[in-house]
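**Student:** Structure provided below as structure tokens; questions to follow.
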Number of protein chains: 2
Amino acid sequence: MNIKNVVVAGGGVLGSQIAFQSAFCGFNVTIWLRSEGSIGRTKPKLERLRDIYLNTLEQMKTDKSAYCRGFSDKEDLTIDEIDELKECTIKAYDGIKLTTSYEDAAADADLVIEAIAEDPEQKISFYQELAKHLPEKTILVTNSSTMLPSSFAKYTGRPEKYLALHFANSIWSNNTAEIMGHSETQQEYYDEVVKFAEDINMVPLKLKKEQPGYILNSMLVPFLSAAEALLANDVADHETIDKTWILATGAPIGPFRILDIVGLTTAYNIVIMNPEAGDKNTTPGKIAALLKEKIDEGKTGINAGEGFYKYT
Amino acid sequence: MNIKNVVVAGGGVLGSQIAFQSAFCGFNVTIWLRSEGSIGRTKPKLERLRDIYLNTLEQMKTDKSAYCRGFSDKEDLTIDEIDELKECTIKAYDGIKLTTSYEDAAADADLVIEAIAEDPEQKISFYQELAKHLPEKTILVTNSSTMLPSSFAKYTGRPEKYLALHFANSIWSNNTAEIMGHSETQQEYYDEVVKFAEDINMVPLKLKKEQPGYILNSMLVPFLSAAEALLANDVADHETIDKTWILATGAPIGPFRILDIVGLTTAYNIVIMNPEAGDKNTTPGKIAALLKEKIDEGKTGINAGEGFYKYT
């Protein structure tokens, strides 16, 4: 099969980025949304993405450090090539269709990318309704960060053509896509999704089997938890912990700057999943208390201007 | 107090480096060794260090990337300044005394740095014998990676002047020093050790309380274990796992290259401390089996020319 028509379900932060990037790379893109209200909220996101792409591309003409890997494999683009990419941006913006109709969205879809809320009930009802309208050929992927494809496969009507394609935020610069099947996913559809990821300038990161947290979060969560534990148990301050990691591993930033980027609310939601977090004498309890205090002060991370560090 | 006379106990990889770096920075250094045989094994290590320092410094005259943080705070040294450091290197090499005598070593020691084998019995008998000879003033630190100062304080005769000062390998370039007291360590001696670390061009990383693994290994061990688990459970190959970490965090290398640097034997010794490692159906058991297979093939890491990756 040759993927041409892509449907993105959901117009949130990631949904709008996935749709925009796919359109930018020449795919016919439709965003399916639950309501007219969602359409109203998605349009300004697409406008903002268009402006980010256009401005960044323009900047690349004079400043090579502005280069984003999602725009092109080639780091050193000519002015003409950059102008072509600006045209692709305008075409992408003009070409994306928005619909609330399952029929319209599903009609000739080669690939549906589900990027709706992380709520199992919403996902199940979406899959069940979608299944009524999808043609036989359609591959269906989920961008879910926290749920496993095996939990939903049976609701899709096409378990063999269902898998996970998981993006990072700001996909035009953080261009990774973790690709993960479940036990019934057929290799040929997995391979199609790998190819699609490459075609939209992502670096495909292939998982051979299901893994909660994929590859990245399987490492990031224990790493960040260990750093949080050192702070919560008052072993060292956050600057010292970051400095230790940076000096020892050559990393550009340490765990507390990563936490500011991830967001303290996300970190808090992860730690409170631990049953021990209810007891303030345990390490998870101390971590939860420490994060909650910062969240209550509005210091939720880089997007709020302050987390563990201040950002101006 | 003003530290001038430094005794390093042990002439192993780290002991010889600590002694050399301290002498390079102008301290009077004596290496205490258990036997004449140890003296014979330590001398070539000091010669090798002298040559590394001299060659690297010479290289810095034409190649700024050769700069090592342990040589000087200043990155951009003049030829004259480099030549001065080369003189310090020769003076260091010529000035280091080696002895097997507790009396000679202890006589006027301001600071004793214990860097003998990671064997509690050897450490205890060393501390007990040393205590008979040390003057009141002497501060005593351990470079132990895996043991806590509180385990040994009572054998030192000076628990208030005893703490940990933990170095990284290749201290002239990896110039971090984790500093960790136990509950009875007095602040003034802790502060003296911090100052000493700075005086030998280390970045002091201050721990406020005892922590097994200090700061670095408290984060590195769970991080590397998580990466090993992904490989051992066949979720992804090691290149994909490294690529994921590098792309997502901007780190220069991923966990499997770090493991090659740490050495697979060390990684194996850590995982087999887990009681589950005996059962091949558990994740620690699978990790142990995977590491053992590589170790048996001689692929123990970068020093062997091959670990997870090949090095030429």
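**Student:** Which numbered condition in (1) buried (at least 23 other Cβ atoms within 10 Å of the Cβ); (2) charged (D, E, K, R); (3) within 18 Å of the chain's Cα centre (by Cα) is the only one that A:Lys161 fails?
**Tutor:** Among (1) buried (at least 23 other Cβ atoms within 10 Å of the Cβ); (2) charged (D, E, K, R); (3) within 18 Å of the chain's Cα centre (by Cα), the lone unmet condition for A:Lys161 is (3).
**Student:** B:Ala177 versus (1) outside any strand (DSSP E or B); (2) within 16 Å of the chain's Cα centre (by Cα); (3) more than 10 Å from chain A (Cβ to nearest Cβ): which is the lone unmet condition?
**Tutor:** Just one mismatch for B:Ala177, condition (1).
**Student:** Quick one: what pairs do we get from region B:37-53, first residue assigned to a helix (DSSP H, G or I), second β-branched (Val, Ile, Thr) and open to solvent by less than 60 Å² (accessible area, probe 1.4 Å), C-beta under 8 Å, 6+ apart or different chains?
**Tutor:** Going by the 8 Å Cβ cut-off, the qualifying pairs are B:Ser38/B:Thr100; B:Ile39/B:Thr100; B:Thr42/B:Ile31; B:Leu46/B:Ile96; B:Arg50/B:Thr89; B:Tyr53/B:Thr89.
**Student:** Follow-up question, since we're still on this one. If B:Glu121 meets every condition in (1) acidic (Asp, Glu); (2) in contact with a Ser or Thr (Cβ under 8 Å, 6 or more places away or on another chain); (3) surrounded by fewer than 18 Cβ atoms within 10 Å (Cβ to Cβ) apart from one, which number is that one?
**Tutor:** (2) is the only condition that B:Glu121 fails.
**Student:** Sticking with this one: Hey, could you check region A:252-266 for residues that are modelled with pLDDT of 95 or more and aliphatic (A, V, I, L, M) and say which is nearest to A:Glu228 (Cα to Cα)?
**Tutor:** If we take residues in region A:252-266 being modelled with pLDDT of 95 or more and aliphatic (A, V, I, L, M), then A:Leu259 is nearest to A:Glu228 (Cα to Cα).
**Student:** Next question. Using the structure shown, decide if B:Glu114 is open to solvent by less than 60 Å² (accessible area, probe 1.4 Å), in the same structural domain as B:Ser38 (by the TED database), of a type in the set (Asp, Glu) and out of contact with any helix residue (DSSP H, G or I) (no Cβ under 6 Å at 6 or more places or on another chain). Spell out the reasoning first.
**Tutor:** Values: open to solvent by less than 60 Å² (accessible area, probe 1.4 Å): yes; in the same structural domain as B:Ser38 (by the TED database): yes; of a type in the set (Asp, Glu): yes; out of contact with any helix residue (DSSP H, G or I) (no Cβ under 6 Å at 6 or more places or on another chain): yes.
In short, yes.
**Student:** Restricted to region A:182-217, and to residues that are within 24 Å of A:Lys4 (Cβ to Cβ) and within 8 Å of chain B (Cβ to nearest Cβ), which residue is surrounded by the fewest Cβ atoms within 10 Å (Cβ to Cβ)? Can you show your working first?
**Tutor:** To start, the set of residues in region A:182-217 that are within 24 Å of A:Lys4 (Cβ to Cβ) comprises A:185-204, A:206.
Within this subset, residues satisfying the condition of being within 8 Å of chain B (Cβ to nearest Cβ) are A:203, A:206.
Details: A:Val203: 17, A:Lys206: 19.
Out of the qualifying residues, it is A:Val203.
**Student:** Take B:Leu33 and tell me if it is over 16 Å from the mean Cα position of the chain (by Cα), farther than 24 Å from B:Leu165 by Cα and open to solvent by less than 70 Å² (accessible area, probe 1.4 Å). Before the answer, list the steps.
**Tutor:** Values: over 16 Å from the mean Cα position of the chain (by Cα): yes; farther than 24 Å from B:Leu165 by Cα: no; open to solvent by less than 70 Å² (accessible area, probe 1.4 Å): yes.
Taking the combined requirement at face value, the residue does not satisfy it.
**Student:** Would you be able to tell me the number of residues in region B:227-252 that are at the interface with chain A (Cβ under 7 Å from one of its Cβ atoms) and surrounded by fewer than 23 Cβ atoms within 10 Å (Cβ to Cβ)?
**Tutor:** Step one: filter region B:227-252 for residues at the interface with chain A (Cβ under 7 Å from one of its Cβ atoms), giving B:227, B:230, B:234-236, B:240-241, B:243-245, B:247-252.
Filter again for surrounded by fewer than 23 Cβ atoms within 10 Å (Cβ to Cβ), leaving B:234-235, B:240, B:243, B:247-252.
Matching residues across region B:227-252 total 10.
**Student:** Just to verify a result, which residue in region B:54-66, among those that are in a helix (DSSP H, G or I) and polar (S, T, N, Q), is farthest from B:Leu85 (Cα to Cα)? Don't jump to the end; show me each part of the working.
**Tutor:** So in region B:54-66, the residues in a helix (DSSP H, G or I) come out as B:54-60, B:64-66.
Okay, now just the ones that are also polar (S, T, N, Q), so B:55-56, B:59, B:65.
Working: B:Asn55: 11, B:Thr56: 11, B:Gln59: 13, B:Ser65: 17 Å.
So the residue we want is B:Ser65.
**Student:** Residue by residue through region A:7-28, note down the ones that are surrounded by fewer than 24 Cβ atoms within 10 Å (Cβ to Cβ) and part of a strand (DSSP E or B).
**Tutor:** Of everything in region A:7-28, just one residue is surrounded by fewer than 24 Cβ atoms within 10 Å (Cβ to Cβ) and part of a strand (DSSP E or B), namely A:Asn28.
**Student:** Return yes when B:Gln128 is in a loop (DSSP other than H, G, I, E, B) and either within 30 Å of B:Ala66 (Cβ to Cβ) or in contact (Cβ under 8 Å) with a residue 24 or more places away in the chain (or both) and no when it is not. I'd like the intermediate steps shown before the answer.
**Tutor:** Values: in a loop (DSSP other than H, G, I, E, B): no; either within 30 Å of B:Ala66 (Cβ to Cβ) or in contact (Cβ under 8 Å) with a residue 24 or more places away in the chain (or both): yes.
Considered against the rule, which asks whether it is in a loop (DSSP other than H, G, I, E, B) and either within 30 Å of B:Ala66 (Cβ to Cβ) or in contact (Cβ under 8 Å) with a residue 24 or more places away in the chain (or both), B:Gln128 comes out as no.
**Student:** Please determine whether any residue of region B:102-122 is in contact (Cβ under 8 Å) with a residue 40 or more places away in the chain and within 14 Å of chain A (Cβ to nearest Cβ). Walk me through how you get there before you give the answer.
**Tutor:** Step one: of region B:102-122, the residues in contact (Cβ under 8 Å) with a residue 40 or more places away in the chain are B:102, B:104-106, B:108-117.
Within this subset, residues satisfying the condition of being within 14 Å of chain A (Cβ to nearest Cβ) are none.
No, region B:102-122 contains no residue that is in contact (Cβ under 8 Å) with a residue 40 or more places away in the chain and within 14 Å of chain A (Cβ to nearest Cβ).
**Student:** Quick check on region B:279-293. Is at least one of its residues touching a residue at least 60 places away in the same chain (Cβ under 8 Å) and part of a loop (DSSP other than H, G, I, E, B)?
**Tutor:** no
The values are calculated or read from the model by the stated rules, or taken from the named source; none is laboratory data. For clarity, every value in this text was computed on a predicted model and none was experimentally measured. Ideal geometry is used to build each Cβ from the backbone, glycine not excepted, and the neighbour counts take in all protein chains shown. Just so you know, the surface numbers come from the protein's heavy atoms only, side chains and all, with ligands and any DNA or RNA stripped out. Shrake-Rupley method; radii C 1.70, N 1.55, O 1.52, S 1.80 Å.
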